[in-house]
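To keep things clear, I will list the structure first and then write my remarks on it.
The values are calculated or read from the model by the stated rules, or taken from the named source; none is laboratory data. Keep in mind the model is a prediction, meaning the values are calculated, not measured. Counting neighbours? That spans all protein chains shown, and the Cβs are built from the backbone with ideal geometry, glycine included. These area figures cover heavy atoms from the full protein model, side chains too; ligands, DNA and RNA do not enter into them. Shrake-Rupley method; radii C 1.70, N 1.55, O 1.52, S 1.80 Å.
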Amino acid sequence: MKKNDFTFIIGLTLLAGVIWVVGELVMGMWIAVYWWVPIVWRILIVVGTLSVSVWHSFKYDDDFNDSDDEKHKK
């Protein structure tokens, strides 16, 4: 794992945590919601975080594999 990957994961996790907490505070203080809305909100945050993380992984995995192919061709 590269330093950039580690930094991205930590940043993404912190951003997801802040978005989740802000959403929970808004739902708890200002918006009257059903009991199941915070559960759905939590699921959406987790799925969104995982989706962005996997997308980022595949994006940089393609770049990594391209450089490996060039080494093997030589």
Quiz item: Which members of region 30-56 meet the condition of being among the aliphatic types (A, V, I, L, M), part of a helix (DSSP H, G or I) and open to solvent by 50 Å² or more (accessible area, probe 1.4 Å)?
Solution: Ile39, Val40, Ile43, Leu44, Val46, Val47, Leu50, Val52, Val54
Quiz prompt | Neighbours by Cβ (under 7 Å, 6+ apart or cross-chain): first from region 15-34, under 21 Å from Val47 (Cα atoms) and without any contact (Cβ under 8 Å) to a residue 24 or more places away in the chain; second open to solvent by less than 90 Å² (accessible area, probe 1.4 Å) and β-branched (Val, Ile, Thr) | solution = Met27/Val33; Met27/Val37
Quiz prompt | Met27 vs. criteria of a type outside the set (Phe, Trp, Tyr), over 15 Å from the mean Cα position of the chain (by Cα) and either open to solvent by less than 80 Å² (accessible area, probe 1.4 Å) or at pLDDT 90 or above (or both) | solution = yes
